[in-house]
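Structure record follows, encoded as structure tokens.
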Amino acid sequence: MTGAIARLGARKTMPDRKRAPADAVAIDLAIPCAQWRRAVPNVATLATQAARAALARAGRRIRGAELSLVLADDATIAALNQRWRHRAGPTNVLAFPGGGGPDSAAPLLLGDVILAFETVAREAKEQGKTLSDHLRHLVIHGVLHLLGHDHEEAAMARRMEALEKRILATLGIADPYRLREDAHG
């Protein structure tokens, strides 16, 4: 977990390493915002399931790496957004790539994916999605950013959206972009 996240008070929960093979990606999950657990009782399972689906289907074989997921609130995201992106206010998801790699003695740190509860919940309601489906979509979106996918240019955005839709389909989740278009007429 990055120092920036740790300084904001996120508590780190270590994965059950007995069940994961040594070459698997370890996912550290922190849920400093209690609203996530109240609104989505199985939020830990859904978030890690979505991250694993993205890692398995993103087109890159990754072994012996670590990924941090933080289910935070708008205040945390707003502080990170201001500090690291120089943008005011919260956003739904932030992804901070990590470091390390094959030449390092430490494991590959894929990075951090942080979600803002209030923003994600509001978007889900506005877009006619369940909170659990929107959560999983944004976890996948964040993990894909850590793996080098982006949506700055139209062609890149189409490829990233297509990959997101394929991954979401494996979890039984409908095309979130179609739902958004339908909701706005």
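Couple of notes before you dig in:
- Tally of residues being part of a loop (DSSP other than H, G, I, E, B) and either among the basic types (Lys, Arg) or in contact (Cβ under 8 Å) with a residue 40 or more places away in the chain (or both) across the stretch 149-171: 2
- Scanning the stretch 126-148 for residues that are within 20 Å of Leu110 (Cβ to Cβ), open to solvent by 40 Å² or more (accessible area, probe 1.4 Å) and not in a helix (DSSP H, G or I) turns up just one, Gly148.
- Test: residue in the stretch 51-73 that is part of a strand (DSSP E or B), in contact with an Asp or Glu (Cβ under 9 Å, 6 or more places away or on another chain) and of a type in the set (S, T, N, Q): yes
- Residues of the stretch 73-122 classified as open to solvent by 30 Å² or more (accessible area, probe 1.4 Å), within 30 Å of Arg63 (Cβ to Cβ), aliphatic (A, V, I, L, M) and at pLDDT 95 or above, total: 1
- Candidate set from the stretch 28-71 (those that are in contact with a Ser or Thr (Cβ under 6 Å, 6 or more places away or on another chain) and either open to solvent by 10 Å² or more (accessible area, probe 1.4 Å) or among the aromatic types (Phe, Trp, Tyr) (or both)); member that is farthest from Leu115 (Cα to Cα): Leu46
The values are calculated or read from the model by the stated rules, or taken from the named source; none is laboratory data. Because the structure is a prediction, the values reported are computed rather than measured. A quick note on method: Cβ atoms are made from the backbone with ideal geometry, for glycine too, and the neighbour counts reach across all protein chains shown. Ligands, DNA and RNA are stripped out before the accessible areas are found, and what is left, the full protein with its side chains, is counted by its heavy atoms. Shrake-Rupley method; radii C 1.70, N 1.55, O 1.52, S 1.80 Å.
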